[in-house]
Amino acid sequence: RSQLVEAALGAPPTGAPGAFSYGNANYILAGAAIERITGLPWEEAMRREVFEPLGMASAGFGAPTGDQPWGHRAGVAGLQPMDPTVAGSDNPAAMGPAGTVHAGLADYARFIRVFLTDGGGWLSPESVARLTTPVADQTGAYALGWGVLPAQPWTGGASALVHDGSNTMWLARAAVAPARRAATICVSNAAQPAQPAFNALTQALIGRFPA
């Protein structure tokens, strides 16, 4: 990770200064910083600081093994199942902070609940606000890992948080309305064809939010 960060920071910057541009390298940089600060591998730091305090017993790294659905990669011959025990079934481990965590739905909900409860006693309300406040107050703004939507009827009169995560074989979406204390989670083990279904399912679930 440190080598990836060194290469990324040593390359000329692209894009317009001050403009937003999503980049996985930014998360790898954050993971390398966590390793430097804690003296632990990023994976161990996540177990100690996130999974264990939140009771996320199913959480781990890489494609889930055992009695779990396999991820599928889209190719010229259609969707190809990816054996989780072989290379290529997930992102390389060095990219872990950018997206190699897996968790069961109940455990992912435990993580999402943090943002419905002002930190739930795990994070301070100030930390939650820092993580969810965009740099610029604009439509489609991006905070620290969260897309921030302006107030809409389903958001309870306040902004909402959204996040899509994918390793090209899996797709997960969270839509969080803190003012309503409600959230939706959608997951699929075939990322590329799932987007239209995710859009429809998210809208259907949002329609069930309490008034």
Give me the net charge of residue 107's neighbourhood, meaning all other residues with Cβ under 12 Å from the Cβ of residue 107; Lys, Arg count +1, Asp, Glu -1.
+1
What label, among (1) 20.0, 76; (2) 22.4, 75; (3) 17.8, 51, belongs to Rg and Dmax of the Cα atoms in Å computed from the structure on display?
(3)
Here, GluC sites (Glu not before Pro) of segment 22-82 satisfying both criteria (DSSP loop; at most 14 other Cβ within 10 Å) are none
To the nearest 10 square angstrom, what accessible area does residue 37 show with a 1.4 Å probe?
140
Which of 32, 87, 183 moves most in a GNM of the chain, Cα contacts under 10 Å?
87
Pairs of Cα atoms under 8 Å, at least six residues apart: use those to get the relative contact order of segment 1-131, whole percent.
23
Would you mind calculating the relative contact order of segment 98-182 from Cα pairs under 8 angstrom and at least 6 residues apart, reporting the percent as a whole number?
22
Restricting segment 124-211 to trypsin sites (Lys or Arg not before Pro) in coil, as DSSP defines it, with at most 14 other Cβ within 10 Å:
181, 208
Distant-in-sequence amide H partners of residue 80 (H built 1.01 Å from N, under 5 Å)
73, 74, 75
Going by Cα centres, segment 54-80 and segment 109-131 are how many Å apart?
27
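Mind checking the full-extension length gain between residue 80 and residue 2? Use 0.36 nm per residue of separation minus the Cα-Cα distance, one decimal, nm.
Values: separation 78, 0.36 × 78 = 28.08 nm, distance 3.27 nm.
Stretched fully, the residue 80-residue 2 segment lengthens by 24.8 nm.
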Would you mind checking which residues have amide H under 5 Å from residue 133's amide H? H placed 1.01 Å from N; only 5 or more apart, or other chain.
144
Which value in deg cm²/dmol, rounded to the nearest 500, describes the helix-derived mean residue ellipticity at 222 nm for the chain, given -39,500 (n - 2.57) per DSSP H run of n ≥ 4 and division by the residue count?
-8000 deg cm²/dmol
Send over a whole-number figure in Å² for the accessible area per residue of the chain, probe 1.4 Å.
58
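The values are calculated or read from the model by the stated rules, or taken from the named source; none is laboratory data. Owing to the predicted nature of the structure, the values given are computational and were not obtained by experimental measurement. All Cβ positions, glycine included, derive from the backbone under ideal geometry; neighbour counts span all protein chains shown. Only protein heavy atoms, including side chains, enter the accessible area calculation; ligands, DNA and RNA are left aside. Shrake-Rupley method; radii C 1.70, N 1.55, O 1.52, S 1.80 Å.
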